[in-house]
Amino acid sequence: MKSKITFYLKGLIIVTLLLLPNVIRADDNDILPVRGFCIAAPAPAEVDRFVKFIEEELAPRNVNVLILRVDYRYQYKSHQELVGNNPLSKSEVRKLVRTCRKNKIRIIPQVNLLGHQSWHSTPSRLLEVYPEFDETPDVELPEDYTWPNKDGLYCKSYCPLHPDVHSVVFDIVDEICKAFCADAFHAGMDEVFYIGMDQCERCKGKDRSELFAGEVSKIRDHLAKKDRELWIWGDRLLDGETTGLGMWEASKNDTYRAVDMIPDDVFICDWHYTRADPTPVYFAVKGLNVAACPYKSVATGTGHVENMVHFRSISHRKMKDRLQGVIQTVWSGCGNFMDEYYGNEYDPEFSESACFIATFERINSISEVE
């Protein structure tokens with residue numbers, strides 16, 4: 001009798017295990033492994049409010065990646081001359097790190113490298129302190145900035161071939177990664193319009209795709225020495241003419257061929273803000289991990305989610321594993337975003353708050369159904 005009971009119990013366990021995947025909620029990591037949020041790092045006075053936002057808004061929505069755009073707003077010790085206004089202290093950064101760790105959120109700091117070395121009429125701290133790194137030293141920052149302009153100036157770049165630039169920026173990269181206990185670093189590298197310029201004696205006449213790929217590879221190789229990943233925006237790796245995406249969301253200055261020259265462990269953040277363009281598939285075909293990135297449009301945010309889930313559902317395992325997920329981007333500043341979000345006064349179809357809410361509602365509703 002005892003042996004029969006044991007036999008039946010074993011059979012019941014086997015049947016239960018066979019049926020279990022069909023009755024439990026699907027693993028969120030299988031739906032979208034990366035469920036991210038990207039925003040400027042908070043000012044010191046906003047750290048506690050942002051910690052509350054992480055605890056009460058990001059964590060309950062199953063956000064598992066937080067990209068913080070820090071740039072020079074940290075109290076760097078390696079290059080104190082580069083510290084910007086209102087910088088975060090080490091203890092304030094640690095508070096953010098502890099909160100993310102507690103909530104199983106991977107935190108990734110960003111410092112813009114190569115491009116975005118100025119904004120309108122103001123140079124970045126790097127070019128302000130080290131003007132010799134400027135790719136276009138003859139282009140003066142205007143007193144009153146307008147676009148378009150005769151110089152084609154959007155943002156300045158540093159020269160990727162300057163012999164001293166990396167000894168400075170890599171000190172910053174190493175210090176900020178250590179401060180954030182980070183296993184990945186976001187280098188920005190979007191909207192690089194100044195590269196391989198005739199004004200630069202080192203870059204003049206060089207292949208722009210090779211220059212861009214060389215800088216990506218150099219940063220990636222430096223990070224790899226300490227087992228850190230490189231994340232970048234993907235626009236410079238898309239052909240703006242062939243795709244019809246133009247000069248902002250893609251490249252029309254001949255950097256797009258770099259997609260075939262960079263290491264395949266670079267993570268691509270593929271931003272499209274007015275349509276959910278299917279370019280993540282292109283990056284996955286190229287062997288690169290990729291996440292789609294919305295901004296303000298609710299339709300675009302939910303479209304990115306639905307596209308990514310669909311692409312993963314119909315792809316071979318190798319492709320599926322590269323189609324990583326979706327990252328909500330915020331460009332209004334951390335304090336401004338939280339004012340909008342908590343103030344509940346925003347456009348329900350076209351605002352950062354509405355897009356954030358709708359995007360993660362869609363992700364989590366799909367997770368529940370699956």
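The values are calculated or read from the model by the stated rules, or taken from the named source; none is laboratory data. Worth saying up front: this structure is predicted, and the values here are computed from it rather than measured. Every residue, glycine as well, gets a Cβ built from its backbone with ideal geometry; the counts of neighbours run over all protein chains shown.
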Going through segment 305-351 in order, the residues found to be part of a helix (DSSP H, G or I) and in contact with a strand residue (DSSP E or B) (Cβ under 6 Å, 6 or more places away or on another chain) are V305, M308, F311, R312, C334
Checked pairs for segment 233-261, first closer than 19 Å to L153 by Cβ and in a loop (DSSP other than H, G, I, E, B), second modelled with pLDDT of 95 or more and of a type in the set (F, W, Y), C-beta under 8 Å and 6 or more apart or across chains, list as N253/F193; T255/F212
Can you go through W271, W248, W233 and tell me which one is out of contact with any Pro (no Cβ under 6 Å at 6 or more places or on another chain), of a type in the set (F, W, Y) and either surrounded by fewer than 16 Cβ atoms within 10 Å (Cβ to Cβ) or at positive phi (or both)? W248
Hey, could you check segment 340-370 for residues that are touching an Asp or Glu at 6+ places or on another chain (Cβ under 7 Å) and either of a type in the set (V, I, T) or free of Cβ contacts under 8 Å to residues at least 24 places away in the same chain (or both) and say which is farthest from E306 (Cα to Cα)? E340
Return the residues of segment 73-91 that are in contact (Cβ under 8 Å) with a residue 60 or more places away in the chain and within 23 Å of I232 (Cα to Cα); say none if nothing qualifies. Y74, Y76, L82
Can you name every residue in segment 66-120 that is part of a loop (DSSP other than H, G, I, E, B) and aromatic (F, W, Y)? Y72, Y76
For segment 121-152, how many residues are under 24 Å from the mean Cα position of the chain (by Cα) and either free of Cβ contacts under 8 Å to residues at least 40 places away in the same chain or assigned to a loop (DSSP other than H, G, I, E, B) (or both)? 4
Please indicate, with yes or no, whether at least one residue in segment 34-43 is at pLDDT 50 or above and either charged (D, E, K, R) or more than 36 Å from the chain's Cα centre (by Cα) (or both). yes
Report yes if F212 is modelled with pLDDT of 95 or more and over 21 Å from S91 (Cα atoms), otherwise no. yes
Going through K296, K320, K286 one at a time, which residue ends up being surrounded by fewer than 19 Cβ atoms within 10 Å (Cβ to Cβ), touching a Ser or Thr at 6+ places or on another chain (Cβ under 9 Å) and on the phi < 0 side of the Ramachandran plot? K320
